[in-house]
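Nothing in this text is a laboratory measurement; each read-out follows from the coordinates by a stated rule. Keep in mind it's a predicted model, so treat the numbers as computed, not measured. Positions of Cβ are backbone-derived with ideal geometry, glycine not excepted, and every protein chain shown enters the neighbour counts.
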Amino acid sequence: MAEKLKTEDLIAEAKNFFNYYKKEIGKSIRKGSNIISVDFNDLNSFSPNIANYLLENPEDILRILELAVSELELVNNPRLRFITLPETIFSRIRNIRAKHLNKFIWIEGIIRQASEVRPQVVNAKFECPSCGTIISVLQVEKKFREPTRCSCGRKGHFKLISKEMVDAQRIVIEESPESLIGGEQPRRMNIFLKEDLVEPKMEEKTTPGSRVKIFGTLKEISISLQSGSLSTRFDLAIEANNIIPLTETYEELEISEEDERQIKELSVDSQLFEKMAQSIAPSIYGYDEIKQALVLQLFGGIRKKRSDGTFGRGDIHMLLVGDPGVAKSVLLKFISTIAPQGRYVVGKSATGAGLTATVVRDEFLKGWSLEAGAIVLSNKGILCIDELEKMDPTDRSAMHEALEQQTVTISKANVQASLRAETTVLAAANPKFGRFDPYQPIAQQIDITPTLLSRFDIIFMMKDLPDRAKDEAIATHVLLEHKESSSVYPIEPILFKKYIAYSRQNIIPELTDESIAEIKKFYVDLRNTGTTTESVVKPIPITARQLEALIRLSTAAAKVRLSNKIQKQDAKIAIDLMKFYLMQAGYDYEAKTFDIDKIVTGVSTSKRSQIIIVRECISRLESRLGKLIPIEEIKKELEGKLNESAVDDALDKLTISGDVFHPRKNYVQRM
């Protein structure tokens, strides 16, 4: 009777709590949902009794709370989901012990595996024919389980009264790498999700690779031996009460009215773009242009459907090539933490399958299943790839499709699939010989294929050159950073993130006539500079790919201002960044023009022109002097057109390509 009274008291107290908590229940009613989100702190401040009982005996108390809501006749068949729990009941997966059984706990980790959603018996109730006791058995294995014995001593032959069937899914959570100490191996835990936690909208957030927080009750699972009998050892699993994603895309980030007011106030600041650039990795001194480009990369362009039905990507890909110790990795790490769905991978330990997707044998379903790689898991986010040049060339080639078409197509075993990979890529690489050689073309120093290089919208060279004034400024900045514990952000990271999210959710800029004219003038003028030269091959300063990049950068600049129109000033920002990039990497000092081939192929047009002149000279001399041609004759023939070092250089290139060979010293012969 006392127990019954206690339950009635708890129900009465719970009813009082929900009368006080009607605002939250009203939200669920308006959505037409039976899910009520409860803040544990609110419950604890209203009724410490219920809160304490909940942590010790979650199943019974949840049933009482749900019964109280049902009796208030506000929501049919309500389900309570806790959105906060006290820090005291947080446990690392490796620290979970028998004392936690049937208690409320919460864990954090990364989803490693997720089964398909299927209807399943989650609970079966049995009656003992001897004493009439109702025994509830949690069904967590493939095999349907009956109770082994009753408290009265009876074994077997229990009567099945009812079974509860719901949509269910099993996921496996693994400890986050940052929570590990030293050489610890990450531990795993099985989690059982059911009902609303496996709805399609929620299922998108529980894909493998997502970082989540799990609230739930720890349960034991009996292990069957090969003989059919039960083992004395039990396995553990958590029956989830709620799953809270810790990674969100920009589209999912919630923005309150107060946030919106702050964002609109910030958008009219005349120094906004500079402040945003300074808010990118403030611990690093300088690199203003690179930081501005990173701001534009975070905002991104617009994915557009073309008239022929194909899509043009909106993501801006960026490559940083630099000497060691110029803080490339720090920039990458910072971007991977500030951007939702941000991931950081290192070239040497990344494979093509790990980046794109792979097919693995599924032991559970006895077939083949698809496992997504980093680019696919970062869909609508940013992937930071460090040490790109250390990746295996065959693995790097797997990225071509993902960077331009933004899909990953797999045709292996009996799996044919095309996965979405609308991912922004920020990569970093070192020059081939550790440091830049100022006298060699950039492309020859980057051990990356021209086809992959051309897919990056912007490539920055980060050279570490001694300069007294600059070195003093860097030293002061680094030492102050060590002296003071925190960096100064002109715009706080949380507000910065919300600003980007608001812009990406609401702003779709369109080109104006002035911006079109500005971009067109820059593109056409640059394409046609130096066309009056008498060289055999005319330089190609930029290609249509850079034109697309200019449009994406201009769009991002308009998004920074929260403007739906791309104005002339936005186009100017894009053009200035493009000029800065081309001046660093694609300026041919011999021809005094920009030359995209210098970046993409490593051989500038002027060099290629010289090679063609020398080759034609050899052909002419061959008809006059025979097959064996003295190098002196070639130099004499081209006197006034090319200097001696240019002739030697061109002959070296022709020898490497196999066009000519040296039958004896100071003589050449055509192949």
Can I get the semi-axes of region 102-245's equivalent ellipsoid? Compute them from the C-alpha gyration tensor as square roots of 5 times the eigenvalues, in angstrom, largest first.
32, 18, 13
Holding the Cα-Cα limit at 26 Å, pick out from Lys470/Lys498; Lys103/Lys155; Lys143/Lys163; Lys205/Lys390; Lys23/Lys99; Lys31/Lys565 the pairs that are longer than that.
Lys470/Lys498; Lys103/Lys155; Lys205/Lys390; Lys23/Lys99; Lys31/Lys565
Write down the Å³ per residue value for the convex hull defined by the alpha carbon atoms of region 605-670.
74
Extension gain, Lys163 back to Gln185 (0.36 nm per residue minus Cα-Cα distance, nm):
4.0 nm
Using the Karplus curve 6.51 cos²θ - 1.76 cosθ + 1.60 with θ = phi - 60°, work out ³J(HN,Hα) for each residue of region 271-277 in order, rounded to whole Hz, and write x for Gly and Pro.
9, 4, 4, 5, 5, 5, 4
About the Cα centre, charge dipole magnitude for the chain (Lys/Arg +1, Asp/Glu -1 at Cβ), debye
1580
Using Cα pairs under 8 angstrom and six or more residues apart, how large is the relative contact order of the chain, in percent?
9
Listed residue (Ser279, Ile385, Met399) projecting farthest to the positive dipole end of region 273-402, Cβ model
Ser279
Cysteines without a disulfide-compatible neighbour (Cβ-Cβ under 4.7 Å), the chain
Cys384, Cys617
Kindly flag which residue pairs out of Lys27/Lys264; Lys291/Lys333; Lys275/Lys559 have an alpha-carbon separation exceeding 18 Å in this structure.
Lys27/Lys264
Nearest-0.05 FRET efficiency for Thr133 and Thr409, computed from C-beta distance (R0 51 Å)
0.30
Quickly rank 110-116, 621-627 as a protection proxy: mean count of other C-beta atoms within 10 Å, highest first.
110-116, 621-627
Taking Rh as the Kirkwood radius computed over alpha-carbon pairs of the chain and applying Stokes-Einstein at 37 °C with viscosity 0.692 mPa s, one gets a diffusion coefficient in µm² s⁻¹ of 109
